[in-house]
1. How tilted is helix 2-23 with respect to the longest principal axis of the chain? Cα atoms for both, answer in degrees (0 to 90, nearest 10).
2. What percent does the relative contact order of region 1-103 come to when contacts are Cα pairs within less than 8 Å and at least six residues apart?
3. In what order do TRP65, TRP21 fall by count of nearby beta-carbon atoms within 10 Å, going from fewest to most?
4. Could you tell me which of ALA117, PRO96, PRO25 has its Cα farthest along the dipole of the chain towards the positive end, charges placed at Cβ (Lys, Arg +1; Asp, Glu -1), taken about the Cα centre?
5. How about region 12-75: which trypsin sites (Lys or Arg not before Pro) there lie in a loop by DSSP and see at most 15 other Cβ atoms within 10 Å?
6. Output ³J(HN,Hα) for region 29-46: one whole-Hz value per residue in order, computed from phi by the Karplus curve 6.51 cos²θ - 1.76 cosθ + 1.60 with θ = phi - 60°, and x for Gly and Pro.
7. Could you tell me how many degrees, from 0 to 90 and to the nearest 10, lie between the Cα long axis of helix 64-86 and the main elongation axis, the longest principal axis, of the Cα atoms of the chain?
8. Compute the acute angle (0 to 90°) between the alpha-carbon long axis of helix 130-143 and the principal axis of greatest extent of the alpha-carbon atoms of the chain; round to the nearest 10°.
Amino acid sequence: MGIVLRVLVAAGLAADAVVHWRFAPDMAPGPNTPSDVIPGDDLFYGQAIAAAVAGLLVLFWARRWTYAIAFVVAASAAGAVLLYYFVDFGQIGPIPRMYDPQWYADKTISFAGEAVAALAALAGFFTAGRKREEEADSYYEALR
């Protein structure tokens, strides 16, 4: 079960990373964008890098802390997709207006990857380390 969770997290975050990296140039700020706003392309590149790093961490070091990082990255991205699909907040502080009420194939791929990764990371968080704990318990029982 552990390898399945690791692959699900890594694959979901890989889909998220690829879609965000591909769309980053489209999110570049326009000429009338205020200078105090974080450029949208930087946000998308940042999300792509965070997703890739979190996916690799879980794939190679499946620990509770790596699953926690993967969950935060995936769940926050999935939440942002849904939030900005339904609500037009406008600009929030340094975050640009990200409202996008349209749904298309790449958004579906990204959201599905984020949702799968978030759920698998949550399951991994609660199951990671259990085998080592059980081995330690049996070791100490044998010493008694």
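Just so it is clear, none of the values below were taken in a lab; they were calculated from the coordinates. Computed from a predicted structure; not experimentally measured. Glycine gets a Cβ as well: all are built from the backbone with ideal geometry, and neighbour counts include every protein chain shown.
1. Between helix and principal axis, roughly 10 degrees.
2. Working: 109 pairs, mean separation 27.8, N = 103.
Reported as a whole number, the value is 27 percent.
3. By the 10 Å Cβ count, ascending, the order reads TRP65, TRP21.
4. ALA117
5. Qualifying residues, ordered by number: ARG63.
6. For region 29-46, the Karplus curve yields x, x, x, 9, 6, x, 6, 8, 9, 5, x, x, 5, 5, 4, 5, 4, x Hz.
7. 30
8. 20
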